[in-house]
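**Student:** The structure's right below; bear with me while I get my questions together.
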Amino acid sequence: MVNFSVTLLLFFTLLLCHGIVELEASAHHQHQSGSSDQPYRTDPNGPMIYKGIYHLFCQYNPYGAVWGNIVWAHSTSTDLVNWTPHEIALDTSDPSDSHGCWSGSATILPGGKPAIIYTGTIDLQGSQVQNLAMPKNFSDPYLKKWFKYKKNPILSAPKPINATLFRDPTTAWLGPDKIWRMVIGSLIDNKKGLLILYKSKDFKHWIKAKDPLYSETRTGMLECPDFFPVSTADQNGVETSILGPDVKHVLKVSVFDDQIDSYSIGTYDVGKDKFIPEEGYLGDVPGLRFDYGKFYASKSFFDSDKNRRILWGWVNESSTWGDDIKKGWSGLQVINLLINYGLNRSFSGQAIPRSFWLDKSGKQLVQWPVPEIESLRENQVDLPSKFLEGGSLLEISGVTAAQADIEISFEVTEFEKAEVLEPNWTNPQLLCSQKGASVKSALGPFGLLILASEGLQEYTAVFFRIFKGQDKYVVLMCSDQSRSSLNNKNDKTSYGAFLKVDPVHEKLSLRSLIDHSIVESFGGGGKACITARVYPTLAIENDAHLYAFNYGTEKVKITSLSSWSMKKARINVENPIERVVSNEHVKF
């Protein structure tokens with residue numbers, strides 16, 4: 001649960017037509033003036049599939065573009081692309097959530113019945129408790145109405161935990177002893193991140209376990225935890241309660257102090273209820289992350305209909321609070337999948353839904369946009385294989401550069417000329433900030449110039465650079481935002497990751513999804529992902545350009561290049577969002 005203003009991912013141009021909104025995925029170039037009474041959205045909550053319908057909830061402020069008055073907004077979809085908003089699912093109607101309905105998770109109980117456990121805040125200080133809610137009508141696949149448990153809260157912070165640091169329950173899992181387990185994020189001794197484990201026989205009465213599932217002295221507060229198994233046998237997803245020799249477990253946390261989503265792969269010791277990382281620690285640098293850019297408070301769920309695990313994330317803002325209020329929205333979900341409520345073009349920022357699985361090495365996860373996104377592609381442009389000489393630029397024409405999907409692959413041969421990787425160059429983000437797109441070496445930078453103005457006063461560069469390591473060649477992937485905008489009030493941090501591929505035997509592939517102010521890039525088939533949030537002042541709408549480039553001294557070969565314009569997603573607004581406040585609160 002993040003309690004401050006952050007990024008909006010996509011921005012929509014709304015056109016009402018027969019109850020359907022056509023949504024232009026643009027988080028930047030709005031055609032309506034924003035005002036401070038337009039909504040703010042953040043963390044994705046409770047994603048699930050129920051009776052063939054996808055559900056996504058999110059943190060939502062109906063009254064403003066900044067943090068406050070948080071309730072749960074709710075939308076549904078049959079394809080993860082086109083969405084229907086419903087009325088508020090969870091409102092601040094009880095003493096146990098009177099000051100906010102914060103993050104939580106959905107669990108599918110025996111019989112296929114969904115339940116939500118979420119954090120409620122109960123006072124102005126932000127003291128946090130945990131609450132239970134269930135659908136009013138299980139026969140309704142859209143789950144439009146929700147009950148709250150009459151004995152909420154089901155959990156309060158145990159001593160000596162600070163009640164303002166006790167939040168974000170995970171999806172629960174059922175142990176071999178038929179007892180439910182879930183984890184809640186916390187902090188102790190002002191520095192030790194703690195994932196408190198709870199157990200329950202009936203999902204209503206929970207008891208704190210003797211020991212936490214995991215703790216880490218080097219991280220500070222751990223929030224928005226996620227804990228789930230992944231298959232070691234194939235790329236299929238695995239239901240959250242599955243155990244056995246063919247799975248490993250993943251523990252993901254959002255590190256509050258650093259604003260990163262970090263994960264570790266390891267073993268779940270069922271007997272001791274402990275997670276044991278295989279290597280490193282959560283929050284380590286460079287460590288393992290779902291995304292090395294603007295991506296936080298992520299949440300996954302098991303899609304039982306298509307046997308896959310899907311990830312949603314929140315794209316943090318790079319504009320100032322003042323600019324957020326002017327444009328009337330903050331905190332977005334990535335690319336054309338944003339959920340918009342009413343006629344205001346402000347909504348929460350969830351990244352493009354991604355499916356993910358364990359890499360064949362067993363050492364990391366691999367992510368890729370769900371294939372449903374490709375239904376938005378149109379006007380495909382393919383370019384033949386060709387060499388890019390050192391210092392050259394190739395414009396990719398024929399697509400809407402401000403809203404596009406591009407896949408490109410490079411081949412490199414002159415490895416003996418690669419720059420030597422110094423032993424202390426261990427932080428990829430720092431290395432990308434020092435060696436941006438304008439810094440030449442032999443092998444790099446080469447990649448894409450995205451949202452570029454005609455005279456290149458503005459551009460976001462996503463590129464590779466190859467170094468000669470001690471016993472192998474090392475690939476650095478960067479998202480350089482230093483020249484993304486002439487507005488110097490924006491956060492223009494550069495991000496980077498070491499890409500775990502062998503450039504000698506593998507081509508270097510890059511896919512970037514561009515949506516006006518959001519750029520999501522996937523390197524090496526999804527082994528490294530970097531999301532950028534940028535606000536160009538010149539490279540907008542039809543004035544945006546897209547280039548392949550090579551600013552290194554040695555030539556590289558483009559082995560394949562395909563690009564598409566992206567259509568608008570459609571938002572059905574037959575039931576525009578309502579904030580339902582009543583003196584009568586039905587409970588179970």
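**Student:** Quick one: is ILE310 surrounded by 20 or more Cβ atoms within 10 Å (Cβ to Cβ), touching a residue at least 60 places away in the same chain (Cβ under 8 Å), of a type outside the set (Gly, Ala, Ser) and within 19 Å of MET182 (Cα to Cα)?
**Tutor:** no
**Student:** Test each condition in (1) of a type in the set (S, T, N, Q); (2) open to solvent by 10 Å² or more (accessible area, probe 1.4 Å); (3) at pLDDT 95 or above for ASN488 and report the one that comes out false.
**Tutor:** It fails just one condition, (3).
**Student:** Exactly one of these conditions fails for VAL501: (1) on the phi > 0 side of the Ramachandran plot; (2) part of a loop (DSSP other than H, G, I, E, B). Give me its number.
**Tutor:** (1)
Results for (1) open to solvent by 10 Å² or more (accessible area, probe 1.4 Å); (2) out of contact with any His (no Cβ under 7 Å at 6 or more places or on another chain), shown as yes or no for each residue.
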residue: ASP382; (1), (2): yes, yes
residue: ALA404; (1), (2): no, yes
residue: GLU419; (1), (2): yes, yes
residue: PRO423; (1), (2): yes, yes
residue: ALA437; (1), (2): no, yes
residue: LYS440; (1), (2): yes, yes
residue: LEU448; (1), (2): no, yes
residue: GLU454; (1), (2): yes, no
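**Student:** Pick out the one residue from LEU194, LEU251 that is modelled with pLDDT of 95 or more, more than 23 Å from MET48 (Cβ to Cβ) and buried (at least 22 other Cβ atoms within 10 Å of the Cβ).
**Tutor:** LEU194
**Student:** Hey, another quick one. Inside the stretch 361-414, counting only strands (runs of 3 or more DSSP E) that do not spill past its ends, which hold 1 or more residues that are among the basic types (Lys, Arg) and within 29 Å of VAL504 (Cα to Cα)?
**Tutor:** Filter on the stretch 361-414 gives 386-388.
**Student:** Does ASP258 fit the bill of being free of Cβ contacts under 8 Å to residues at least 40 places away in the same chain, within 16 Å of the chain's Cα centre (by Cα) and in the same structural domain as ALA106 (by the TED database)?
**Tutor:** yes
**Student:** Same structure, new question: Based on this model, can you work out whether TYR142 counts as part of a strand (DSSP E or B) and either farther than 22 Å from SER254 by Cβ or not aliphatic (A, V, I, L, M) (or both)?
**Tutor:** no
**Student:** Could I ask something else about it? For the stretch 133-145, does any single residue satisfy the condition of being under 29 Å from SER186 (Cβ atoms) and among the small types (Gly, Ala, Ser)?
**Tutor:** The answer is yes, given that some residue of the stretch 133-145 is under 29 Å from SER186 (Cβ atoms) and among the small types (Gly, Ala, Ser).
**Student:** I'd like to know if the stretch 514-530 contains one or more residues that are assigned by the TED database to the domain that holds LYS435, modelled with pLDDT of 95 or more, of a type in the set (D, E, K, R) and open to solvent by less than 10 Å² (accessible area, probe 1.4 Å).
**Tutor:** For the stretch 514-530, residues assigned by the TED database to the domain that holds LYS435, modelled with pLDDT of 95 or more, of a type in the set (D, E, K, R) and open to solvent by less than 10 Å² (accessible area, probe 1.4 Å): present.
**Student:** Pairs needed: first member in the stretch 114-143, in contact (Cβ under 8 Å) with a residue 60 or more places away in the chain; second member anywhere, open to solvent by 40 Å² or more (accessible area, probe 1.4 Å) and not in a loop (DSSP other than H, G, I, E, B); C-beta distance under 7 Å; at least 6 residues apart or different chains.
**Tutor:** Going by the 7 Å Cβ cut-off, the qualifying pairs are PRO114/ILE108.
**Student:** What tally of residues in the stretch 61-91 results from selecting those that are at pLDDT below 90, open to solvent by 10 Å² or more (accessible area, probe 1.4 Å) and of a type outside the set (A, V, I, L, M)?
**Tutor:** Initial filter on the stretch 61-91 (at pLDDT below 90): 61-69.
Then drop every residue that is not open to solvent by 10 Å² or more (accessible area, probe 1.4 Å), which leaves 62-63, 66-69.
Pick out the ones that are also of a type outside the set (A, V, I, L, M) and you get 62-63, 67-69.
The total comes to 5.
**Student:** (1) at pLDDT below 95; (2) open to solvent by 10 Å² or more (accessible area, probe 1.4 Å); (3) over 22 Å from the mean Cα position of the chain (by Cα): which one isn't true of PHE4, the others all being true?
**Tutor:** All conditions are met except number (3).
**Student:** Here is a further query. Picking from THR400, THR460, THR493, THR413, which residue would you name as being surrounded by fewer than 17 Cβ atoms within 10 Å (Cβ to Cβ) and hydroxyl-bearing (Ser, Thr, Tyr)?
**Tutor:** THR413
**Student:** Within the stretch 161-191, restricting attention to residues that are among the polar types (S, T, N, Q) and either open to solvent by less than 10 Å² (accessible area, probe 1.4 Å) or in contact (Cβ under 8 Å) with a residue 60 or more places away in the chain (or both), which residue is farthest from PHE302 (Cα to Cα)?
**Tutor:** It comes out as SER186.
**Student:** Something else now. Determine which single condition SER485 fails, assuming it passes every other condition in (1) part of a strand (DSSP E or B); (2) closer than 18 Å to ALA544 by Cα.
**Tutor:** Every condition holds for SER485 apart from (1).
**Student:** A further question on this structure: Which ones in the stretch 197-227 are of a type in the set (Asp, Glu) and either over 22 Å from ARG309 (Cα atoms) or open to solvent by 10 Å² or more (accessible area, probe 1.4 Å) (or both)? Reasoning before the result, please.
**Tutor:** Applying the first criterion (of a type in the set (Asp, Glu)) to the stretch 197-227 yields 202, 211, 216, 223, 226.
Within the stretch 197-227, ASP202, ASP211, GLU216 meet the criteria.
**Student:** Of the conditions (1) at positive phi; (2) surrounded by fewer than 22 Cβ atoms within 10 Å (Cβ to Cβ), GLU506 satisfies every one except a single condition; which number is it?
**Tutor:** So GLU506 meets the others, but not (1).
The values are calculated or read from the model by the stated rules, or taken from the named source; none is laboratory data. In this text, all values refer to a predicted model and were calculated from it rather than measured experimentally. No Cβ is skipped: glycine too gets one built from the backbone with ideal geometry, and neighbour counts run over all protein chains shown. In case anyone asks, the SASA skips ligands and DNA or RNA and just uses the protein heavy atoms, side chains included. Shrake-Rupley method; radii C 1.70, N 1.55, O 1.52, S 1.80 Å.
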